[in-house]
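Structure record follows, encoded as structure tokens.
No lab work stands behind these numbers, since they all come straight from the coordinates. As the structure is a prediction and not an experimental result, all values here were calculated from the model. Note that each Cβ is placed from the backbone with ideal geometry, even for glycine, and that neighbours are counted across all protein chains shown.
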Amino acid sequence: MPNLDFEGQNTLYATHGLHAFAAKCPPQLVRYGLRYYSKYGDVVVDPMMGSGTTIVESKLMGRNAIGYDLDPLSTLLAGVKSTEIQDEALASAAEQIIASARIDFELWCSYPDTPKLASRATPPDFRNRDYWFLPEVAAALSLLSYYISEADTTENVRHFCWIAFSSLILAKNSVANARDIVHSRHHHKHHDQAPDVITKFSQRITRMRKQMAEYRQLSKKHETIKTKVEKADARKLPLDDEQADLVFTSPPYVTALDYPRAHFLAIPWMYDVLGLELSDYIKQAPIYIGSERGSQPRTLEIDPELSKHSLSMDTLDKLTVKSTRHAKLLYRYMVDMHSSLNEMSRVLRTHKHIIIVVCPSHMRKVDVPTHDILVELGRDAGLKLKQKHTRTISKRKRILPYMKEAFGQRMSTEYVLVFQKR
Ligand SMILES: C[S@@+](CC[C@H](N)C(=O)[O-])C[C@H]1O[C@@H](n2cnc3c(N)ncnc32)[C@H](O)[C@@H]1O
């Protein structure tokens, strides 16, 4: 049994540390999967790529990679992390943006009503904006977002700057009045002094340029290897049959993590790059797999194809006794994962592998063995379980405080399932 804990290892090398993201996979785990279940030049697909760990590792190991995710911020982030961007272009765009934003900000501090400046420094309008952002912070973010949009540069460089921007808000030490927004429920944080947003942006860019330099250096020997990321739904992948040599993914857990909630404070400032209002972003939240949001059917009607799975049905029955609402959420998760497994199998070549990293959960004091449920559902997609490894999750890194209730004691064990397509 391989040791897949990777405790104490650096998980933030190359571009892996560009931006915080909840429930990231350790790159070493992806590396293990790629090493044993694919070869140089193969095509690897991650249908729920999150921050793009699979895509970055694939490039670094000489595998072509295609990644999908529903979340627009995730797609932007994975794209930046897996694209080699030259340093001169980054340095010159950042210099322009920082200098212009700084001049404007200093003027705004003394003369906030100067007509054109006032419009550049006016923040977007969204609910509770002034609760989450101090006026100085909001003005500086508005100016940065204005100058990032206007910078005379390439799309890749602009996207890199947007990720630097977003990393100021979605961070442990956020410039927003929020405590560790990515990893916990939103708690208000009081800043004794307004954070110096423009200096922080400049520091982020400097650090991120070094991370990008490391990525460029490590991918140098794999010039012909291609990566592609796209916004798409894992239940309906925009990919022809039998294109992949390996699928590697860590799907969301059932009812555990609400990505739109984790990202919502950055979205309103990024309309220019994401093309999405905050209200539309939040409206899409129920379609994320594992979401607790959205309406539920009046009664729980089981699809005959799923009703033959004894463990899945048993778990649903136990949960129905405790809470029909939770049983309906679990059922929706099963239906969604059933479709996703079918899609993963469809795009995979025969006899090739799918690696799924997943945690069991605990809902209303009922154990939900998600890993074994996925094995049952996978059979319908022609997937045979070949290996089942366990790993201990570093509590510090992977457990989100508000997930403890959902996962209870078992949260510390994660399963790495290796399927083979028959
Ligand atoms: C646990 S995260 C993946 C983390 C990733 N392995 C990493 O290292 O960053 C799960 C991802 O699934 C995405 N997701 C949820 N429902 C989806 C769907 N229907 N199609 C595609 N992606 C989806 C979420 O947006 C989230 O980014």
Review point. Can you pull the Kirkwood radius for the chain, inverse mean 1/r over Cα pairs, to one decimal in Å?
Key: 22.5 Å
Point to revise | Phi-based couplings in Hz for region 279-294 (Karplus 6.51, -1.76, 1.60; Gly and Pro marked x) | key: 4, 6, 4, 5, 4, 7, 3, x, 7, 5, 5, x, 6, 8, 8, x
Point to revise | Packing rank of 15-21, 196-202, where each peptide gets the mean count of other beta carbons within 10 Å, highest leading | key: 15-21, 196-202
Practice item. Grab the beta carbon distance between ASP367 and THR299, set R0 = 25 Å, and tell me the FRET efficiency rounded to 0.05. Key: 0.50
Check your understanding: Can you list the aspartates and glutamates whose alpha carbon sits under 15 Å from that of LYS200, skipping same-chain ones fewer than 8 residues off?
Key -> GLU95, GLU136
Study note, to complete from the structure: From fewest to most C-beta neighbours within 10 Å, the residues THR390, THR53 line up as THR390, THR53
Check your understanding: For region 228-242, in order, what is each residue's ³J(HN,Hα) by Karplus, 6.51 cos²θ - 1.76 cosθ + 1.60 with θ = phi - 60°, in whole Hz (x at glycine and Pro)?
Key -> 9, 10, 8, 7, 7, 9, 4, 7, 8, 7, x, 9, 5, 5, 6
**Study point:** region 77-86 - phi-based ³J(HN,Hα) in whole Hz, Karplus 6.51/-1.76/1.60, Gly and Pro as x
**Key:** 5, 4, x, 5, 5, 10, 10, 7, 10, 6
Point to revise | Mean Cβ count within 10 Å, highest first, over the residues of peptides 288-295, 247-254 | key: 247-254, 288-295
Point to revise | Distance histogram for region 87-215 (every C-alpha pair counted, 5 angstrom bins, percent rounded to whole numbers) | key: 2, 11, 20, 22, 20, 14, 8, 2, 0
**Study point:** Fewest-first ranking of MET208, MET49, using other Cβ atoms within 10 Å as the exposure measure
**Key:** MET208, MET49
Review point. Which of the aspartates and glutamates could be linked to LYS172 by a straight reach, that is with a Cα gap under 13 Å, when you skip same-chain ones fewer than 8 residues away?
Key: ASP180
Check your understanding: Given the pairs LYS81/LYS226; LYS226/LYS388; LYS228/LYS352, which are separated by over 23 angstrom at their Cα positions?
Key -> LYS226/LYS388
Study note, to complete from the structure: Among LEU76, LEU306, LEU29, the residue with the largest mean-square fluctuation in a Gaussian network model of the chain built from Cα contacts under 10 Å is LEU306
Practice item. Work out the length of the dipole vector of the chain about its Cα centre, built from +1 on the beta-carbon of each Lys and Arg and -1 on the beta-carbon of each Asp and Glu, and round it to the nearest 20 debye. Key: 1420 debye
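What list do you get for TYR13, TYR415 if you sort them by fewest beta carbons within 10 Å? Provide the component values of the computation, followed by the final result.
Values: TYR13 15, TYR415 19.
If I rank by nearby Cβ atoms, fewest first, I get TYR13, TYR415.
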